[in-house]
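Working notes for the structure below.
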Ligand code: OSB
Ligand code: MG
């Protein structure tokens, strides 16, 4: 055997429920991939969830496309670029591609004996961190915002949905007039809600994240002309090509980059460059990742050209017991990427095993 790609599906309870416009999440069920090749072992995490509520990709669309196509392409590719070129034959499925692409970056960094963040272009050596707070009662929300502000987070993002936006944003803005505040709608609005969306201008948000549908660039560009609050796209930006088109038609001026959503780190770095060329801003988002996915996100978020705080909270915000031995901690609203070689995580295989509900081999060669 020269190499093996295997997977484990984990079930991990969240410390507290996370509610967005598309639902209430109480656990995360990540697919963790493991690549053994040339004497080096590495892990990555797929950002999909059990349900296709955030995006059309889900745990059940990722596995067949990896088993039938992408696993073999991974085994034949010499590096992340070559893998992504081969994978162009497969339309879409960028979350599946991203999960495997990242394994190859980790592998390369390990072989070179360097931390991954140093391979992704100029690194600041730290990431600025914001927090994403789910919907709950007004008192509960204000308590979380207050706690987050005192912990030093550099930006507070609250989730909103149709009919609750004014209530949520008035409460937070009245109590915290000066914080850097943003709102994430996770696609809950449509063009019919233009009048409601105009009302959010008075809350002085840094930006509003993903008001309209994941595949709707045109109406985001129309909205951008109607409101003064900048628009940030998350779900809509699935690739560098989508980023270029969104920026070209003025659908957004800020992009939330999640490496696991855009097809990996190579595409993430391209999107950072494209955004800079357009004078737009970028930050690194999250999908409630375990310490494995989080290590990749933090490596990217340390890039010198990422200019806004991201959703890369310390692991302790999500899981009572994470699957890594070196969780991140935050100081003065910053997280420093691990000095370990590769993406930086130290896997805790025992804990991983305890959370595992299914595992198997994708391919061996
Ligand atoms: O829209 O950014 C989002 C979590 C799951 C799915 C989508 C999103 C989120 C978050 C949390 O906002 C980000 C995080 O802290 O990992
Ligand atoms: Mg979002």
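Report note on the peptides 326-334, 252-260, 94-102, 310-318: ranked by the mean count of other C-beta atoms within 10 Å, highest first, their order is 94-102, 252-260, 310-318, 326-334.
Evaluate the Debye formula for segment 249-365 with equal point scatterers sitting on the alpha carbons, no solvent, and hand back log10 of I(q)/I(0) at q = 0.10, 0.12 Å⁻¹, in q order, two decimals. Rounded to two decimals, the profile gives -0.35, -0.49.
With all distinct Cα pairs included, what does the Kirkwood hydrodynamic radius of segment 84-212 come out to in Å, to one decimal, could you say? Spell out each step's value before the answer.
Values: mean 1/r = 0.0565 Å⁻¹.
Value: 17.7 Å, from the Cα pair sum.
Percent antiparallel among DSSP beta bridges with both residues in the chain, to the nearest 5? Present the calculation step by step, with values, prior to reporting the outcome.
Details: 31 of 50 bridges.
Beta bridges within the chain, antiparallel portion: roughly 60 percent.
Given the DSSP H assignment, sum -39500 (n - 2.57) over each helix run of at least 4 residues in the chain and divide by its residue total; what's the result at 222 nm in deg cm²/dmol, nearest 500? Present the calculation step by step, with values, prior to reporting the outcome.
On the way: 12 runs with 119 residues, N = 365.
That comes out to -9500 deg cm²/dmol.
Could you state, as a whole-number percent, how many of the C-alpha pairs of segment 118-335 are farther apart than 29 Å? Spell out each step's value before the answer.
Details: 5335 of 23653 pairs.
Within segment 118-335, distances greater than 29 Å cover 23 percent of Cα pairs.
Its Cα gyration tensor gives the chain an equivalent ellipsoid. The semi-axes, each the square root of 5 times an eigenvalue, are 32, 22, 19 Å from largest down. Could you give the angle, 0 to 90 degrees to the nearest 10, between helix 94-112's Cα long axis and the longest principal axis of the Cα atoms of the chain? Relative to the chain, helix 94-112 is tipped by roughly 60 degrees.
Entry note, segment 1-160: relative contact order of 19 percent, from Cα contacts under 8 Å with a spacing of 6+ residues.
Please say if segment 1-114 is rounded, prolate or oblate, where rounded means a/c under 1.5 for a ≥ b ≥ c the square roots of the C-alpha gyration tensor eigenvalues, and otherwise the choice is prolate for a/b larger than b/c and oblate otherwise?
Values: a/c = 2.30, a/b = 1.60, b/c = 1.44.
Cα axes put segment 1-114 in the prolate bin.
Find the relative contact order for segment 118-335 and round it to a whole percent, using C-alpha pairs within less than 8 Å whose residues are 6+ positions apart. The partial results should precede the final answer.
Values: 401 pairs, mean separation 49.8, N = 218.
Reported as a whole number, the value is 23 percent.
Quick one: angle between helix 165-175 and the longest Cα principal axis of the chain, in degrees between 0 and 90, rounded to 10, please. That works out to roughly 80 degrees. For segment 206-289, the calculated P(r), taken from all Cα-Cα distances in 10 Å bins from zero up to the bin holding the longest distance, is 20, 58, 21, 1 percent.
Per residue, the average separation of C-alpha pairs within less than 8 Å and at least 6 apart gives the chain a relative contact order of 24 percent.
Where a number appears in this text, it was derived from the coordinates with a stated rule and is not lab data. Everything quoted here is computed from the prediction, not taken from an experiment. So basically every Cβ, Gly included, is an ideal-geometry build from the backbone, and we count neighbours across all protein chains shown.
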